[in-house]
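Engineer: The structure under discussion is supplied below as structure tokens; questions concerning it will follow.
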Amino acid sequence: MAHSNLSEDLKGLLLHGNEEGITMSDLVDALRDRGFGLLFIILSLPSALPIPAPGYSTPFGIMITILAIQMMAGRQSPWLPNWAAKKRISRKMAERMIGTASKFFSKVEHLIKPRWGWVLAKSGHIFAGILIIVMACLMILPIPLTNTAPAMVIFVIGVAMTEDDGLGMLASCGLAICAVLLYVGVFWAISYYGLQGVDELKEIVKGWF
């Protein structure tokens with residue numbers, strides 16, 4: 001089952017380090033023969049969390065871009081430059097990531113399964129790589145309260161890749177459209193109201209729900 005497999009995989013990986021946490025080098029070594037999907041999940045989670053995770057969005061967004069380019073080029077195992085390999089996920093953040101991921105998988109486990117493999121063929125990986133790069137660039141932008149949406153798109157793509165779920169990959173395209181529309185709204189709000197326009201837009205969205 002996707003829930004137990006991915007939850008246990010994430011728990012085993014994120015708690016693999018010492019009391020200070022785990023470095024990206026440790027994660028890459030552990031996942032060297034398992035492709036890129038789990039790394040996309042792990043690197044997107046801090047920004048996808050519903051609570052602030054300062055200091056992670058920009059470096060992790062850059063790492064995601066580097067990995068997406070490698071995936072598009074056909075590289076089988078991930079590689080990170082030295083500065084990125086030394087980046088550490090703290091023990092506290094790792095535990096929050098595990099908790100959030102477990103809650104997510106408990107709600108969607110019945111929807112995740114291997115299917116529509118043609119979507120995940122070589123051309124599919126190239127398209128996914130482009131989509132990930134676009135979302136990672138949006139995630140890096142220093143605009144408050146906006147990086148959760150693109151991070152969730154990357155997270156869903158990582159799950160789809162890890163579980164060979166072509167339908168999940170297609171669903172991520174719909175989520176990506178929503179993320180882009182969100183940023184269009186944010187840029188419009190900023191152009192008319194300045195930075196306080198983000199708060200104005202937030203209140204408008206809240207009113208819809």
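Engineer: Which residue pairs have Cβ atoms under 6 Å apart, sit 6 or more places apart or on different chains, and have a first residue in segment 72-87 that is in contact (Cβ under 8 Å) with a residue 12 or more places away in the chain and a second that is among the hydroxyl-bearing types (Ser, Thr, Tyr)?
Structural biologist: Short answer, once both residue conditions are applied: Ala85/Ser25.
Engineer: For the condition farther than 17 Å from Ile132 by Cβ and surrounded by 22 or more Cβ atoms within 10 Å (Cβ to Cβ), what is the one hit in Ile41, Ile89, Ile98, Ile64?
Structural biologist: Answer to the selection: Ile89.
Engineer: Among (1) buried (at least 21 other Cβ atoms within 10 Å of the Cβ); (2) over 22 Å from Met72 (Cβ atoms); (3) over 13 Å from the mean Cα position of the chain (by Cα); (4) modelled with pLDDT of 85 or more, which single condition is Thr23 missing?
Structural biologist: Status for Thr23: all satisfied but (1).
Engineer: So Val156 passes all but one of these: (1) surrounded by 19 or more Cβ atoms within 10 Å (Cβ to Cβ); (2) of a type outside the set (D, E, K, R); (3) at pLDDT below 90. Which condition number does it fail?
Structural biologist: With respect to (1) surrounded by 19 or more Cβ atoms within 10 Å (Cβ to Cβ); (2) of a type outside the set (D, E, K, R); (3) at pLDDT below 90, Val156 is out only on (3).
Engineer: What pairs come up if the first residue lies in segment 100-123 and is within 13 Å of Phe155 (Cα to Cα), the second is part of a loop (DSSP other than H, G, I, E, B), and their beta carbons are under 6 Å apart, counting only those six or more places apart or on different chains?
Structural biologist: Final answer for the pair search is Thr100/Leu49.
Engineer: Among the numbered criteria (1) within 23 Å of Cys173 (Cα to Cα); (2) small (Gly, Ala, Ser); (3) at pLDDT 80 or above; (4) surrounded by fewer than 16 Cβ atoms within 10 Å (Cβ to Cβ), which single criterion is violated by Ser77?
Structural biologist: (1)
The values are calculated or read from the model by the stated rules, or taken from the named source; none is laboratory data. Being a predicted model, the structure only gives us computed values, none of them experimental. Note that each Cβ is placed from the backbone with ideal geometry, even for glycine, and that neighbours are counted across all protein chains shown.
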